[in-house]
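Here's the structure we're looking at; comments come further down.
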Amino acid sequence: MASATVPLLDDDTIPFGEEDEMRDPSRAGQKYTHPYVTFFHLFFRGAAILIYMFCGWFSDSFITSFVFVVLFLSADFWTVKNISGRLLVGLRWWNYVDDDGVSHWVFESKNSESYQSRVNKNEQRIFWLGLILCPVFWGLFFLFALFGLKFKWLLLVMIAIALNAANLYGYVKCNYGASKDLNSAATDFVKTQLFKNAVDIMTRPSGAPPPTNVRPTGVV
């Protein structure tokens, strides 16, 4: 496939990669440089899970529970895709249609050493932890609903899995590169990390942070 020229987003008020210019200098050196973004990265997806688990305590209406869970899932999807990914880890994925009507998926990563050195490691850890753990919870809910024959709840869980999985897939592609097979990338990553961690434990001084891996990105 011929390479396509990637257009700028119409609503790209702050160009991708220039978010640091809007950062509050007074937060430099603090534990969290984007505390509100970090909070809402977890809040919406956590709230959706809690409402799903405990909605029966407050209401017997399936429609009410369905609407509230979908609202929080939608807010989470938009927040993670458009805000927390680019601010917390320097990643972004999106889609556009060219003049020939062909749809292109774009996976962007600010993988320069200067940018990665400014990424807050605490926020980066929270970002990936929330991105990975929540689909696991929804996967368990899917099994409970399936074997419990709760088919109306199964529809809601499938919506949650689709929205969570879309963001997870998009950011994994951004992190490991759009042109690389994810299965081989994951295998290579695990092998590399196991070896590096073993060496790191033996050589790294106590309390020193682990090295940051940088990977390419691309357009599909």
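Computed from the coordinates by the stated procedures, all read-outs in this text should not be read as laboratory data. Keep in mind the model is a prediction, meaning the values are calculated, not measured. Don't worry about glycine lacking a Cβ; one is built from the backbone with ideal geometry, like all the others, and counts go over all protein chains shown.
Of everything in the range 139-154 that's closer than 19 Å to residue 63 by Cα and within 23 Å of the chain's Cα centre (by Cα), which residue is surrounded by the most Cβ atoms within 10 Å (Cβ to Cβ)?
Per the criteria, the residue is 141.
Being within 19 Å of residue 172 (Cα to Cα) and not polar (S, T, N, Q) is the requirement here; does residue 148 meet it?
Taking the combined requirement at face value, the residue does not satisfy it.
Among (1) without any contact (Cβ under 8 Å) to a residue 40 or more places away in the chain; (2) over 17 Å from residue 69 (Cα atoms), where does residue 120 come up short?
Condition (1) is where residue 120 drops out.
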